[in-house]
Every structure is written in C-alpha cells, then in structure tokens.
Amino acid sequence: MEIQLDLAKTPFSLDSTLSCGQTFRWEKRGVWWTGIADQTAFKIRQINDELEFNSSTNTAATDFLWRYFRLDDNLLTVYSKIVKDEYVREAVKRFRGLRLLRQEPWECTVSYLCAQNKNIPAIKQMIFNLCRQFGDPVVFEGEESYKFPKPKALAKASLKELRQCKLGYRAENVLETAKLVAKGDFDLDALQTMSYASAKEELLTLPGVGPKVADCIMLFSLDKLEAFPIDVWMKRIILEYYSKFLNPEFVKKMKAKKGLSPRDYETIYAFGRGYFGEYLGYAQEYLYHHKRCQTGLDKISTKES
C-alpha cells in the first residue's frame, strides 16, 4: 500500500521521525522500518514523496498512519513559529520533516516510566521483554512479534516477573500504574480533552511520574504540543544557547547543580513557552535530536528531572 505526499506542503522524514528518540518499538532493517503500532505490525519505507507499507491488518491502515505520523500537523506553520534563532534553524534544516508521533497513551506511559535513567537500547530491551512476556503474539511476513500488553495483563503480573524483564526499580511504578488504569481509577484517554496544566496535574499523581515523564506522555500521545520535556540534556541546551534570556543568578545556579527541582523545571518551561510559543514541543524535539546526533546522546542515560 502507498501514501502519496506533497512534500512541499507536507514535509515528512520517516527516518528522522522514527530515530529521534520519541518511540522505542521501531527498528530499521535495510531500507525498511519495522515495528508495531496500534497492535498492528508494520513494514514501511519512504522513497522521496511516497510512503510504501505493508501491515498485519490492512483495515484503515492508511488512515491510522496519517494520524500516527501526525501528517495533519501543518509543519510549515510550526516552523514559522519556532525558528527564532540560528541554532533551532540549523536543527530544522538538518531534520526537516521530523514529526512528533501520536502514540497510544497507555503504551507511551509505560514506555516513559521505563525510560528513566536508561539509554535508548536499554529502554527498547525492557519494552521488548514486557511485550514478549505479557503481550499477545502477532505473525507478520513469517516473523513473530508481540503486541504491547494491556493494562490488565501487567496489573496481574508479579514484581518478580516485571523485574525479570529488566525493569529494576521501575517495576513497582509500572505495576501500580497498571492496577490504577486496569481498575478504571485513572483514565488516560480523558486527559486528551483537558488543558495542558490539568492533564499534567493528573499525570503527576501516578507513581514514578515526574514533570519530564508527564511532559513526554502529553507531547507524544495526548496532543499537548505545548509540552516541553526537560531533562539534564535539554537543560544543557538551554544554558548553552539561551542563557541570555534567563536571570543571570538562575543560570549560575543551574550551572552549579545537577538535576532540576520542580521550581527550576517550571522556570525553564516558562522560558520555552514564552520564546517558542504554542509549538514548543516541536522545538524541543528538534533541539534534542540535533544535540543527540552531535554528542551520541542515544548511548547516554536519559535522566529524570
């Protein structure tokens, strides 16, 4: 099957979108990307303005991918709003067509609970282990893979079983969150209709969810493009390229300390919101991926704020 794009009006880079660190279940094999999204196995590649793909179920696959890759976002408008300086201009030029994904909220939540203090290969391994242990199998083009486990499946797991998936201390947070969602005590889908501030307040009540994880969940699965995940690496980017916009005393304090307090996080977020505007989540992803490719960040632990 194919999706035809007009790249002049709808810029899109499959490689940049799937390799920028926002998702953990896609792998590139030769010219093809393979992965599972929406409980469906996909094989997809981009040749200029054409997306060619196969899936384990062709039911509405084209419509799903259009939504999943956020091809409904007007990137030209996004660029006009976020390109405020040479550094972000350089990032946008290098990765033009990178789009945020519209991931399934439950999978995204568990993924970012697992992502704390781990590098991307380790995160992928944890999620693979969870899917193999607790997810339903799906066979596609002769190869077996696994769907993401549903909340009830993880809620029934033991801590020992989760730790055997290499989750470590994250196992308790995943288990308790799964129980809340499985029992209907926490409705992730309902957060989509809430404001950014209200949705974040709700997410912060989940075990193991801090400001950065909450922003990741909102940005990558809940349509909150004003979310701005800030870890120690984004902190370094802000201090290196945007310190002139911040209070000198605050900059001095940030350079002298590790990590971020909730107040520090809010101070940096307020700068980002004021500087980049309503699409600061896109600005964050371009800046993060640009720095990541410059420094080999994918091999370094991602730190929770």
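Annotation note: Cβ proximity below 7 Å between a residue of the stretch 37-52 that is farther than 10 Å from Glu2 by Cβ and a residue that is part of a strand (DSSP E or B) and among the small types (Gly, Ala, Ser) (sequence gap 6+ or interchain) occurs for Thr40/Ser55; Ala41/Ser55; Ala41/Ser145; Phe42/Gly35; Phe42/Ser55. When the stretch 74-103 is limited to residues that are of a type in the set (Asp, Glu) and touching a residue at least 40 places away in the same chain (Cβ under 8 Å), the one that is farthest from Phe276 (Cα to Cα) turns out to be Glu90.
Residues that are closer than 17 Å to Phe220 by Cβ and in a helix (DSSP H, G or I) were ranked within the stretch 3-30; the one that is farthest from the chain's Cα centre (by Cα) is Leu14.
Whenever a residue of the stretch 59-72 is over 15 Å from Leu5 (Cβ atoms), its partners that are surrounded by fewer than 16 Cβ atoms within 10 Å (Cβ to Cβ), lying with C-beta atoms within less than 7 angstrom and at least six residues away or across chains, give the pairs Ala61/Met1.
The residues of the stretch 70-87 that are surrounded by 11 or more Cβ atoms within 10 Å (Cβ to Cβ) and within 18 Å of Leu14 (Cβ to Cβ), listed by number, are Arg70, Leu71, Asp73, Leu75, Val78. The C-beta contact set for the stretch 158-176 (first residue polar (S, T, N, Q), second residue surrounded by fewer than 16 Cβ atoms within 10 Å (Cβ to Cβ), distance under 6 angstrom, 6+ apart or interchain) comprises Asn173/Pro207.
The number of residues in the stretch 130-145 being at pLDDT 95 or above, crowded, with 17+ Cβ neighbours inside 10 Å and not aliphatic (A, V, I, L, M) comes to 3. The condition of being at pLDDT 95 or above, under 20 Å from Phe220 (Cβ atoms) and among the charged types (D, E, K, R) holds for only one of Asp73, Asp49, Asp85, that being Asp73. Please go through the stretch 211-257 and give me each residue that is of a type in the set (Val, Ile, Thr) and under 23 Å from Tyr68 (Cα atoms), ordered by number. Answer for the stretch 211-257, where residues must be of a type in the set (Val, Ile, Thr) and under 23 Å from Tyr68 (Cα atoms): Val213, Ile217.
Restricted to the stretch 171-213, and to residues there that are under 17 Å from Pro262 (Cβ atoms) and of a type in the set (Val, Ile, Thr), the residue that is surrounded by the fewest Cβ atoms within 10 Å (Cβ to Cβ) is Thr205. Per the listing Ser55, Ser19, the residue uniquely crowded, with 17+ Cβ neighbours inside 10 Å and over 22 Å from Ile123 (Cβ atoms) is Ser55.
The values are calculated or read from the model by the stated rules, or taken from the named source; none is laboratory data. As the structure is a prediction and not an experimental result, all values here were calculated from the model. For neighbour counting, all protein chains shown are included, and Cβ atoms are generated from backbone atoms with ideal geometry for every residue, glycine included.
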